[in-house]
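So the structure is just underneath, and the comments pick up after that.
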Amino acid sequence: MQTHFTAEQLRDPGIASANQVLRTCVHCGFCTATCPTFVLLGDELDSPRGRIYLIKDMLESGRPATEEVVRHVDRCLSCLSCMTTCPSGVNYMHLVDHARTYIEQTYQRPWHDRALRAVLGLVLPRPALMRAALLGARLAKPFAGLLPKTGQLPLRLRALLRLAPASLPPASHLDRPQDHKPVGPRRGRVALLAGCAQTVLDPAINAATVRLLTRLGIEVVVAKGAGCCGALAHHMGKHDPAMDAARANIAAWCAEMDGGGLDAVIINTSGCGTTVKDYGYMFRNEAPDWADRAARVSAIAMDITEYLVRIGYTPTRAAPPLTVAYHAACSLQHGQKVTDAPKSLLRQAGFKVAEPAEGHLCCGSAGTYNMLQPEISSQLRARKLGNLHATGADLIAAGNIGCMTQLAGDTLPVVHTIELLDWMAGGPQPERLATLVTA
Ligand code: SF4
Ligand code: SF4
(Lines give C-alpha, C1' and ligand atoms only; values in the text may rest on other atoms or scores of the structure.)
(Ligands and ions follow the chains in the order given, each with its own letter.)
Protein backbone atom coordinates (compact mmCIF):
# COMPACT_ATOMS: atom_id res chain seq x y z
CA MET A 1 0.00 0.00 0.00
CA GLN A 2 1.36 3.43 -0.90
CA THR A 3 1.62 5.90 1.94
CA HIS A 4 2.12 9.66 1.91
CA PHE A 5 3.69 10.68 5.17
CA THR A 6 5.93 13.76 5.21
CA ALA A 7 9.58 13.51 6.23
CA GLU A 8 8.70 15.37 9.41
CA GLN A 9 5.89 12.92 10.25
CA LEU A 10 8.27 10.00 9.73
CA ARG A 11 10.66 11.40 12.32
CA ASP A 12 8.05 10.30 14.90
CA PRO A 13 9.07 6.67 15.62
CA GLY A 14 5.42 5.69 16.13
CA ILE A 15 4.46 6.99 12.67
CA ALA A 16 7.58 5.40 11.16
CA SER A 17 6.53 1.98 12.55
CA ALA A 18 2.93 2.47 11.41
CA ASN A 19 4.21 3.40 7.95
CA GLN A 20 6.17 0.15 7.71
CA VAL A 21 3.09 -1.86 8.67
CA LEU A 22 0.87 0.00 6.19
CA ARG A 23 3.33 -0.56 3.36
CA THR A 24 3.21 -4.35 3.83
CA CYS A 25 -0.57 -4.46 3.24
CA VAL A 26 -1.42 -5.28 -0.39
CA HIS A 27 -5.17 -4.75 0.26
CA CYS A 28 -5.99 -8.26 -0.98
CA GLY A 29 -8.87 -8.54 1.53
CA PHE A 30 -8.20 -12.17 2.55
CA CYS A 31 -8.40 -11.03 6.18
CA THR A 32 -12.03 -9.88 5.91
CA ALA A 33 -13.47 -13.41 5.86
CA THR A 34 -11.99 -14.31 9.25
CA CYS A 35 -12.69 -11.00 11.01
CA PRO A 36 -15.49 -11.45 13.57
CA THR A 37 -16.86 -7.92 13.19
CA PHE A 38 -16.98 -8.19 9.40
CA VAL A 39 -18.64 -11.60 9.70
CA LEU A 40 -21.32 -10.11 11.98
CA LEU A 41 -21.76 -6.63 10.51
CA GLY A 42 -20.77 -7.09 6.85
CA ASP A 43 -19.36 -3.57 6.64
CA GLU A 44 -15.97 -3.13 4.94
CA LEU A 45 -15.13 -0.43 7.51
CA ASP A 46 -15.55 -3.08 10.23
CA SER A 47 -13.02 -5.34 8.51
CA PRO A 48 -9.22 -5.28 8.97
CA ARG A 49 -8.68 -3.84 5.50
CA GLY A 50 -11.27 -1.11 6.07
CA ARG A 51 -9.74 -0.20 9.41
CA ILE A 52 -6.28 -0.12 7.90
CA TYR A 53 -7.50 2.46 5.35
CA LEU A 54 -9.18 4.52 8.08
CA ILE A 55 -6.06 4.46 10.26
CA LYS A 56 -3.85 5.35 7.28
CA ASP A 57 -5.99 8.40 6.42
CA MET A 58 -6.16 9.48 10.05
CA LEU A 59 -2.40 9.29 10.58
CA GLU A 60 -1.46 10.82 7.22
CA SER A 61 -3.79 13.78 7.73
CA GLY A 62 -2.35 14.41 11.19
CA ARG A 63 -5.79 15.65 12.21
CA PRO A 64 -7.66 14.57 15.35
CA ALA A 65 -9.50 11.25 15.06
CA THR A 66 -13.06 11.55 13.77
CA GLU A 67 -16.16 9.98 15.25
CA GLU A 68 -16.31 7.57 12.27
CA VAL A 69 -12.74 6.32 12.73
CA VAL A 70 -13.25 5.94 16.48
CA ARG A 71 -16.47 3.95 15.98
CA HIS A 72 -14.85 1.40 13.66
CA VAL A 73 -11.56 1.10 15.57
CA ASP A 74 -13.49 0.73 18.84
CA ARG A 75 -15.44 -2.16 17.31
CA CYS A 76 -12.19 -4.01 16.60
CA LEU A 77 -11.66 -6.77 19.18
CA SER A 78 -7.86 -6.84 18.74
CA CYS A 79 -8.46 -10.58 18.37
CA LEU A 80 -5.70 -10.70 15.70
CA SER A 81 -7.50 -13.30 13.62
CA CYS A 82 -6.57 -11.08 10.67
CA MET A 83 -2.88 -11.56 11.44
CA THR A 84 -3.23 -15.33 11.25
CA THR A 85 -4.97 -15.04 7.88
CA CYS A 86 -2.86 -12.31 6.27
CA PRO A 87 -0.46 -13.77 3.65
CA SER A 88 1.69 -10.62 3.68
CA GLY A 89 2.56 -10.63 7.37
CA VAL A 90 0.87 -7.29 8.16
CA ASN A 91 1.37 -6.56 11.86
CA TYR A 92 -2.13 -5.27 12.47
CA MET A 93 -1.60 -5.46 16.25
CA HIS A 94 1.11 -2.80 16.24
CA LEU A 95 -0.90 -0.62 13.86
CA VAL A 96 -4.14 -0.72 15.83
CA ASP A 97 -2.28 -0.24 19.13
CA HIS A 98 -0.75 2.93 17.71
CA ALA A 99 -4.14 4.06 16.39
CA ARG A 100 -5.76 3.56 19.79
CA THR A 101 -3.09 5.71 21.45
CA TYR A 102 -3.54 8.39 18.75
CA ILE A 103 -7.31 8.33 19.29
CA GLU A 104 -6.89 8.61 23.06
CA GLN A 105 -4.66 11.68 22.56
CA THR A 106 -6.73 13.48 19.93
CA TYR A 107 -10.41 12.55 20.39
CA GLN A 108 -12.80 13.80 23.06
CA ARG A 109 -15.17 10.94 23.91
CA PRO A 110 -18.62 11.55 25.45
CA TRP A 111 -18.41 12.05 29.25
CA HIS A 112 -19.91 8.66 30.14
CA ASP A 113 -17.48 6.86 27.80
CA ARG A 114 -14.51 8.70 29.36
CA ALA A 115 -15.83 8.02 32.85
CA LEU A 116 -16.32 4.28 32.25
CA ARG A 117 -12.89 3.91 30.64
CA ALA A 118 -11.29 5.80 33.52
CA VAL A 119 -13.02 3.55 36.07
CA LEU A 120 -12.04 0.37 34.20
CA GLY A 121 -8.46 1.60 33.86
CA LEU A 122 -8.33 2.37 37.57
CA VAL A 123 -10.14 -0.67 38.99
CA LEU A 124 -9.26 -3.71 36.85
CA PRO A 125 -5.46 -3.69 37.40
CA ARG A 126 -5.83 -3.28 41.20
CA PRO A 127 -7.06 -6.45 42.90
CA ALA A 128 -8.25 -4.72 46.11
CA LEU A 129 -10.29 -2.15 44.17
CA MET A 130 -11.62 -4.81 41.83
CA ARG A 131 -12.74 -7.00 44.72
CA ALA A 132 -14.60 -4.03 46.25
CA ALA A 133 -16.17 -3.14 42.89
CA LEU A 134 -17.34 -6.72 42.30
CA LEU A 135 -18.91 -6.89 45.75
CA GLY A 136 -20.79 -3.68 44.88
CA ALA A 137 -21.82 -5.14 41.52
CA ARG A 138 -23.17 -8.24 43.26
CA LEU A 139 -25.45 -6.06 45.39
CA ALA A 140 -26.63 -4.19 42.28
CA LYS A 141 -27.11 -7.34 40.16
CA PRO A 142 -30.77 -7.98 41.16
CA PHE A 143 -31.66 -4.49 39.91
CA ALA A 144 -30.12 -4.97 36.44
CA GLY A 145 -33.60 -5.55 34.97
CA LEU A 146 -34.59 -2.00 35.92
CA LEU A 147 -32.03 -0.52 33.52
CA PRO A 148 -33.36 0.67 30.13
CA LYS A 149 -32.88 -1.85 27.30
CA THR A 150 -31.48 0.69 24.87
CA GLY A 151 -28.74 3.31 24.94
CA GLN A 152 -25.01 2.83 25.20
CA LEU A 153 -24.66 3.54 28.91
CA PRO A 154 -27.48 1.24 30.19
CA LEU A 155 -26.32 -1.57 27.89
CA ARG A 156 -22.79 -1.25 29.22
CA LEU A 157 -23.99 -1.22 32.83
CA ARG A 158 -26.09 -4.33 32.14
CA ALA A 159 -23.00 -6.04 30.68
CA LEU A 160 -20.92 -5.10 33.73
CA LEU A 161 -23.54 -6.59 36.05
CA ARG A 162 -23.88 -9.75 33.95
CA LEU A 163 -20.14 -10.33 34.07
CA ALA A 164 -19.89 -9.85 37.83
CA PRO A 165 -19.69 -13.35 39.35
CA ALA A 166 -22.38 -14.40 41.84
CA SER A 167 -19.72 -15.18 44.45
CA LEU A 168 -16.04 -14.39 44.88
CA PRO A 169 -13.40 -16.80 46.15
CA PRO A 170 -11.12 -15.51 48.92
CA ALA A 171 -7.74 -14.07 47.93
CA SER A 172 -4.97 -16.67 47.77
CA HIS A 173 -1.77 -16.30 49.80
CA LEU A 174 0.02 -18.08 46.91
CA ASP A 175 -0.28 -14.93 44.79
CA ARG A 176 1.80 -12.84 47.20
CA PRO A 177 5.49 -12.29 46.39
CA GLN A 178 7.43 -15.40 47.42
CA ASP A 179 9.51 -18.36 46.24
CA HIS A 180 7.52 -21.56 45.87
CA LYS A 181 10.11 -24.27 46.39
CA PRO A 182 10.15 -27.33 44.14
CA VAL A 183 9.23 -30.77 45.35
CA GLY A 184 12.41 -32.86 45.10
CA PRO A 185 15.52 -31.84 43.16
CA ARG A 186 15.25 -28.48 41.39
CA ARG A 187 15.00 -28.77 37.60
CA GLY A 188 14.40 -25.12 36.83
CA ARG A 189 13.34 -21.71 38.11
CA VAL A 190 10.60 -19.53 36.64
CA ALA A 191 8.74 -16.33 37.49
CA LEU A 192 4.95 -16.55 37.43
CA LEU A 193 2.92 -13.51 36.42
CA ALA A 194 0.32 -13.71 39.20
CA GLY A 195 -1.72 -11.07 37.37
CA CYS A 196 -4.41 -8.68 38.57
CA ALA A 197 -8.04 -9.47 37.64
CA GLN A 198 -7.38 -13.20 37.59
CA THR A 199 -6.22 -13.25 41.23
CA VAL A 200 -9.65 -11.88 42.21
CA LEU A 201 -11.85 -13.81 39.80
CA ASP A 202 -10.20 -17.24 39.96
CA PRO A 203 -7.18 -17.76 42.23
CA ALA A 204 -7.49 -21.53 41.60
CA ILE A 205 -5.67 -21.01 38.27
CA ASN A 206 -2.44 -19.77 39.84
CA ALA A 207 -2.78 -22.36 42.62
CA ALA A 208 -2.95 -25.16 40.03
CA THR A 209 0.00 -23.67 38.13
CA VAL A 210 2.18 -23.46 41.24
CA ARG A 211 1.21 -26.98 42.40
CA LEU A 212 1.91 -28.59 39.05
CA LEU A 213 5.19 -26.79 38.39
CA THR A 214 6.63 -27.34 41.88
CA ARG A 215 5.64 -31.02 41.66
CA LEU A 216 7.59 -31.19 38.41
CA GLY A 217 10.66 -29.83 40.19
CA ILE A 218 10.35 -26.18 39.16
CA GLU A 219 10.91 -23.34 41.61
CA VAL A 220 8.20 -20.72 41.04
CA VAL A 221 8.86 -17.11 41.97
CA VAL A 222 6.13 -14.53 42.38
CA ALA A 223 8.42 -11.53 42.04
CA LYS A 224 8.11 -8.54 44.36
CA GLY A 225 6.98 -5.48 42.41
CA ALA A 226 5.39 -7.40 39.52
CA GLY A 227 1.67 -6.86 38.91
CA CYS A 228 -0.69 -6.07 36.05
CA CYS A 229 0.98 -6.62 32.65
CA GLY A 230 -0.46 -3.35 31.30
CA ALA A 231 -2.60 -4.94 28.58
CA LEU A 232 -5.91 -3.48 29.76
CA ALA A 233 -4.57 0.09 29.65
CA HIS A 234 -2.62 -0.62 26.43
CA HIS A 235 -5.73 -1.75 24.57
CA MET A 236 -7.64 1.33 25.69
CA GLY A 237 -4.90 3.52 24.21
CA LYS A 238 -3.69 4.62 27.66
CA HIS A 239 0.01 4.67 26.84
CA ASP A 240 1.55 5.95 30.08
CA PRO A 241 -0.27 3.65 32.54
CA ALA A 242 0.48 0.68 30.26
CA MET A 243 4.19 1.53 30.12
CA ASP A 244 4.33 2.11 33.89
CA ALA A 245 2.81 -1.33 34.55
CA ALA A 246 5.19 -2.98 32.07
CA ARG A 247 8.18 -1.14 33.55
CA ALA A 248 7.39 -2.47 37.03
CA ASN A 249 7.26 -6.04 35.72
CA ILE A 250 10.44 -5.67 33.69
CA ALA A 251 12.31 -4.33 36.74
CA ALA A 252 10.98 -7.12 38.97
CA TRP A 253 11.77 -9.95 36.55
CA CYS A 254 15.18 -8.62 35.53
CA ALA A 255 16.10 -8.47 39.22
CA GLU A 256 15.20 -12.17 39.43
CA MET A 257 17.09 -12.97 36.21
CA ASP A 258 20.18 -11.26 37.58
CA GLY A 259 19.66 -12.80 41.03
CA GLY A 260 18.53 -16.42 41.28
CA GLY A 261 18.20 -16.72 37.49
CA LEU A 262 15.08 -17.48 35.46
CA ASP A 263 14.45 -20.05 32.74
CA ALA A 264 11.17 -18.43 31.79
CA VAL A 265 8.49 -15.94 32.74
CA ILE A 266 5.34 -18.03 32.88
CA ILE A 267 1.97 -16.58 31.97
CA ASN A 268 -1.29 -18.47 32.34
CA THR A 269 -3.56 -15.69 31.04
CA SER A 270 -2.94 -15.55 27.33
CA GLY A 271 -4.09 -11.95 26.92
CA CYS A 272 -1.30 -10.93 29.29
CA GLY A 273 1.13 -13.31 27.59
CA THR A 274 0.67 -11.59 24.24
CA THR A 275 1.50 -8.24 25.84
CA VAL A 276 4.53 -9.47 27.82
CA LYS A 277 5.90 -11.06 24.66
CA ASP A 278 5.53 -7.63 23.04
CA TYR A 279 7.38 -5.67 25.77
CA GLY A 280 10.49 -5.66 23.57
CA TYR A 281 8.56 -3.83 20.84
CA MET A 282 6.75 -1.51 23.27
CA PHE A 283 10.08 -0.35 24.73
CA ARG A 284 12.05 -0.22 21.46
CA ASN A 285 12.28 3.57 21.54
CA GLU A 286 12.91 3.92 25.28
CA ALA A 287 16.35 4.45 26.84
CA PRO A 288 18.70 1.61 25.81
CA ASP A 289 18.82 0.00 29.28
CA TRP A 290 15.01 -0.29 29.33
CA ALA A 291 14.82 -1.42 25.71
CA ASP A 292 17.39 -4.16 26.43
CA ARG A 293 15.72 -5.29 29.62
CA ALA A 294 12.27 -5.36 27.99
CA ALA A 295 13.66 -7.47 25.14
CA ARG A 296 15.24 -9.88 27.67
CA VAL A 297 11.88 -10.35 29.40
CA SER A 298 9.99 -10.88 26.14
CA ALA A 299 12.58 -13.42 25.01
CA ILE A 300 11.82 -15.73 27.95
CA ALA A 301 8.05 -15.12 28.25
CA MET A 302 6.10 -18.33 27.71
CA ASP A 303 2.56 -19.53 28.01
CA ILE A 304 2.27 -22.20 30.70
CA THR A 305 1.42 -24.84 28.09
CA GLU A 306 4.50 -24.02 26.00
CA TYR A 307 6.65 -24.46 29.10
CA LEU A 308 5.00 -27.76 30.06
CA VAL A 309 5.70 -29.14 26.59
CA ARG A 310 9.33 -28.07 27.00
CA ILE A 311 9.87 -29.70 30.42
CA GLY A 312 7.57 -32.69 29.88
CA TYR A 313 4.21 -33.52 31.44
CA THR A 314 3.05 -36.94 32.63
CA PRO A 315 -0.31 -37.66 34.28
CA THR A 316 -0.34 -39.78 37.42
CA ARG A 317 -3.96 -40.93 37.43
CA ALA A 318 -6.49 -42.19 34.92
CA ALA A 319 -8.73 -39.50 33.48
CA PRO A 320 -12.51 -39.77 33.87
CA PRO A 321 -14.37 -40.32 30.58
CA LEU A 322 -14.89 -36.65 29.83
CA THR A 323 -14.85 -34.82 26.50
CA VAL A 324 -13.27 -31.40 26.75
CA ALA A 325 -14.22 -28.73 24.23
CA TYR A 326 -11.02 -26.74 23.83
CA HIS A 327 -11.73 -23.04 23.37
CA ALA A 328 -8.70 -21.41 21.76
CA ALA A 329 -8.36 -17.90 23.17
CA CYS A 330 -7.54 -15.44 20.37
CA SER A 331 -4.55 -14.10 22.27
CA LEU A 332 -3.15 -17.64 22.46
CA GLN A 333 -3.91 -18.86 18.93
CA HIS A 334 -3.56 -15.62 16.97
CA GLY A 335 -1.49 -13.43 19.29
CA GLN A 336 1.09 -16.03 20.35
CA LYS A 337 0.52 -18.75 17.73
CA VAL A 338 0.28 -21.34 20.52
CA THR A 339 -2.18 -23.78 19.01
CA ASP A 340 -1.14 -27.40 19.52
CA ALA A 341 0.39 -27.38 23.02
CA PRO A 342 -2.85 -27.04 25.06
CA LYS A 343 -4.67 -29.70 23.04
CA SER A 344 -1.82 -32.20 23.02
CA LEU A 345 -1.34 -31.78 26.79
CA LEU A 346 -5.05 -32.34 27.44
CA ARG A 347 -4.88 -35.52 25.31
CA GLN A 348 -1.77 -36.64 27.18
CA ALA A 349 -3.72 -36.11 30.40
CA GLY A 350 -6.25 -38.65 29.10
CA PHE A 351 -9.14 -36.42 28.02
CA LYS A 352 -10.96 -36.64 24.73
CA VAL A 353 -10.54 -33.22 23.11
CA ALA A 354 -13.19 -31.73 20.85
CA GLU A 355 -12.62 -28.67 18.70
CA PRO A 356 -15.59 -26.41 17.93
CA ALA A 357 -16.43 -25.10 14.48
CA GLU A 358 -15.31 -21.52 13.83
CA GLY A 359 -12.55 -21.93 16.38
CA HIS A 360 -10.78 -18.91 14.89
CA LEU A 361 -13.61 -16.54 15.87
CA CYS A 362 -13.44 -14.56 19.10
CA CYS A 363 -15.87 -15.29 21.97
CA GLY A 364 -16.41 -11.54 22.42
CA SER A 365 -14.41 -11.17 25.63
CA ALA A 366 -11.33 -9.28 24.36
CA GLY A 367 -10.18 -7.53 27.52
CA THR A 368 -12.66 -4.74 28.26
CA TYR A 369 -14.53 -5.23 24.95
CA ASN A 370 -17.41 -7.15 26.54
CA MET A 371 -18.06 -4.13 28.78
CA LEU A 372 -17.51 -1.44 26.13
CA GLN A 373 -19.17 -3.14 23.12
CA PRO A 374 -21.81 -5.34 24.78
CA GLU A 375 -24.03 -5.84 21.72
CA ILE A 376 -21.35 -7.28 19.42
CA SER A 377 -19.80 -9.12 22.34
CA SER A 378 -23.05 -10.87 23.29
CA GLN A 379 -23.63 -11.97 19.69
CA LEU A 380 -20.15 -13.47 19.56
CA ARG A 381 -20.67 -15.17 22.92
CA ALA A 382 -23.91 -16.79 21.76
CA ARG A 383 -22.27 -17.95 18.51
CA LYS A 384 -19.26 -19.36 20.38
CA LEU A 385 -21.42 -21.18 22.95
CA GLY A 386 -23.52 -22.65 20.14
CA ASN A 387 -20.40 -24.05 18.49
CA LEU A 388 -19.04 -25.35 21.80
CA HIS A 389 -22.34 -27.11 22.62
CA ALA A 390 -22.43 -28.67 19.15
CA THR A 391 -19.28 -30.64 19.98
CA GLY A 392 -21.26 -32.63 22.56
CA ALA A 393 -18.50 -32.01 25.11
CA ASP A 394 -18.96 -32.23 28.88
CA LEU A 395 -16.97 -29.12 29.70
CA ILE A 396 -14.97 -26.25 28.21
CA ALA A 397 -11.25 -25.63 28.77
CA ALA A 398 -9.57 -22.33 27.94
CA GLY A 399 -6.27 -20.64 28.71
CA ASN A 400 -7.48 -17.12 29.41
CA ILE A 401 -9.52 -15.77 32.34
CA GLY A 402 -11.23 -13.24 30.05
CA CYS A 403 -12.72 -15.98 27.88
CA MET A 404 -13.60 -18.04 30.96
CA THR A 405 -15.55 -15.13 32.46
CA GLN A 406 -17.24 -14.42 29.13
CA LEU A 407 -18.38 -18.04 28.65
CA ALA A 408 -19.35 -18.62 32.31
CA GLY A 409 -22.99 -18.82 33.37
CA ASP A 410 -23.91 -21.34 30.70
CA THR A 411 -24.75 -25.00 31.32
CA LEU A 412 -21.26 -26.16 30.32
CA PRO A 413 -18.69 -25.67 33.10
CA VAL A 414 -15.60 -23.69 32.10
CA VAL A 415 -12.18 -24.41 33.59
CA HIS A 416 -8.62 -23.40 32.82
CA THR A 417 -6.53 -25.96 30.92
CA ILE A 418 -3.97 -25.95 33.73
CA GLU A 419 -6.60 -27.01 36.29
CA LEU A 420 -7.28 -30.18 34.28
CA LEU A 421 -3.56 -30.93 33.82
CA ASP A 422 -2.89 -30.39 37.53
CA TRP A 423 -5.87 -32.59 38.47
CA MET A 424 -4.57 -35.51 36.39
CA ALA A 425 -1.09 -35.08 37.87
CA GLY A 426 -2.13 -35.31 41.51
CA GLY A 427 -3.93 -32.00 42.16
CA PRO A 428 -7.50 -31.59 43.39
CA GLN A 429 -10.53 -31.90 41.15
CA PRO A 430 -11.58 -28.42 39.91
CA GLU A 431 -14.55 -27.28 41.99
CA ARG A 432 -16.59 -26.39 38.92
CA LEU A 433 -16.58 -30.06 37.89
CA ALA A 434 -18.13 -31.27 41.15
CA THR A 435 -21.44 -32.03 39.46
CA LEU A 436 -19.80 -33.81 36.51
CA VAL A 437 -17.53 -36.16 38.43
CA THR A 438 -18.03 -37.36 41.96
CA ALA A 439 -14.58 -37.56 43.49
S1 SF4 B 1 -4.90 -9.97 4.26
FE2 SF4 B 1 -3.13 -8.71 4.89
S3 SF4 B 1 -2.39 -7.77 3.00
FE4 SF4 B 1 -4.46 -8.51 2.57
S5 SF4 B 1 -5.80 -6.73 3.05
FE6 SF4 B 1 -5.69 -7.96 4.91
S7 SF4 B 1 -4.02 -7.02 6.08
FE8 SF4 B 1 -3.79 -6.30 3.94
S1 SF4 C 1 -8.17 -7.76 15.25
FE2 SF4 C 1 -9.99 -9.08 14.99
S3 SF4 C 1 -11.74 -7.66 15.00
FE4 SF4 C 1 -9.89 -6.42 14.69
S5 SF4 C 1 -9.70 -6.23 12.46
FE6 SF4 C 1 -8.45 -8.02 13.05
S7 SF4 C 1 -9.83 -9.79 12.85
FE8 SF4 C 1 -11.13 -7.93 12.86
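Key figures
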read-out	value
Hits in the stretch 66-111 - residues which are more than 15 Å from ligand 2 (Cβ to nearest atom) and in a helix (DSSP H, G or I)	Glu67, Glu68, Thr101, Tyr102, Glu104, Gln105, Thr106, Trp111
Test: Val338 is more than 21 Å from the chain's Cα centre (by Cα), modelled with pLDDT of 95 or more and β-branched (Val, Ile, Thr)	no
Filter result for Pro142 (more than 20 Å from Asp113 (Cβ to Cβ) and assigned to a helix (DSSP H, G or I))	yes
Among the candidates Gly217, Gly261, Gly184, Gly188, residue that is farther than 19 Å from Glu419 by Cα, modelled with pLDDT of 95 or more, in contact with a helix residue (DSSP H, G or I) (Cβ under 9 Å, 6 or more places away or on another chain) and surrounded by fewer than 23 Cβ atoms within 10 Å (Cβ to Cβ)	Gly188
Subset of the stretch 278-295 [aliphatic (A, V, I, L, M) and not in a helix (DSSP H, G or I)]	Ala287
Restricting the stretch 37-63 to residues that are part of a loop (DSSP other than H, G, I, E, B) and away from ligand 1 (no atom under 14 Å from the Cβ), the residue that is surrounded by the most Cβ atoms within 10 Å (Cβ to Cβ)	Gly62
Tally of residues being within 15 Å of ligand 2 (Cβ to nearest atom) and surrounded by 18 or more Cβ atoms within 10 Å (Cβ to Cβ) across the stretch 19-36	8
Any pair with Cβ under 9 angstrom, 6 or more apart, that starts in the stretch 10-38 at a residue that is under 30 Å from Pro374 (Cβ atoms) and in the same structural domain as Val73 (by TED's automatic domain parsing) and ends at one that is among the hydroxyl-bearing types (Ser, Thr, Tyr) and away from ligand 1 (no atom under 14 Å from the Cβ)	Ala18/Tyr102
Residue identified as more than 10 Å from ligand 2 (Cβ to nearest atom), at positive phi and without any contact (Cβ under 8 Å) to a residue 24 or more places away in the chain among Gly42, Gly62	Gly42
Flag for Arg347 being farther than 19 Å from Thr274 by Cα, without any contact (Cβ under 8 Å) to a residue 60 or more places away in the chain and either surrounded by fewer than 17 Cβ atoms within 10 Å (Cβ to Cβ) or within 16 Å of ligand 1 (Cβ to nearest atom) (or both)	yes
Cβ-Cβ under 9 Å pairs, at least 6 apart or on other chains, the stretch 228-241 side free of Cβ contacts under 8 Å to residues at least 24 places away in the same chain, far side among the small types (Gly, Ala, Ser) and surrounded by 22 or more Cβ atoms within 10 Å (Cβ to Cβ)	Asp240/Ala233
Test for Gly136: is it of a type in the set (Gly, Ala, Ser), surrounded by fewer than 14 Cβ atoms within 10 Å (Cβ to Cβ) and closer than 29 Å to Ala245 by Cβ	yes
Residue identified as within 11 Å of ligand 1 (Cβ to nearest atom) and among the polar types (S, T, N, Q) among Thr66, Thr34	Thr34
Boolean, Arg100 is in contact with an Asp or Glu (Cβ under 8 Å, 6 or more places away or on another chain), away from ligand 1 (no atom under 15 Å from the Cβ) and charged (D, E, K, R)	no
Criterion (closer than 24 Å to Ala245 by Cα and of a type outside the set (S, T, N, Q)) met by exactly one of Ala171, Ala144, Ala166	Ala171
Test for Val276: is it more than 16 Å from ligand 2 (Cβ to nearest atom), buried (at least 19 other Cβ atoms within 10 Å of the Cβ), under 22 Å from Cys35 (Cβ atoms) and β-branched (Val, Ile, Thr)	no
Failed item in (1) closer than 21 Å to Gly367 by Cα; (2) of a type in the set (Val, Ile, Thr); (3) within 15 Å of ligand 2 (Cβ to nearest atom), with Ile52 passing the rest	(1)
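The values are calculated or read from the model by the stated rules, or taken from the named source; none is laboratory data. Computed from a predicted structure; not experimentally measured. No Cβ is skipped: glycine too gets one built from the backbone with ideal geometry, and neighbour counts run over all protein chains shown.
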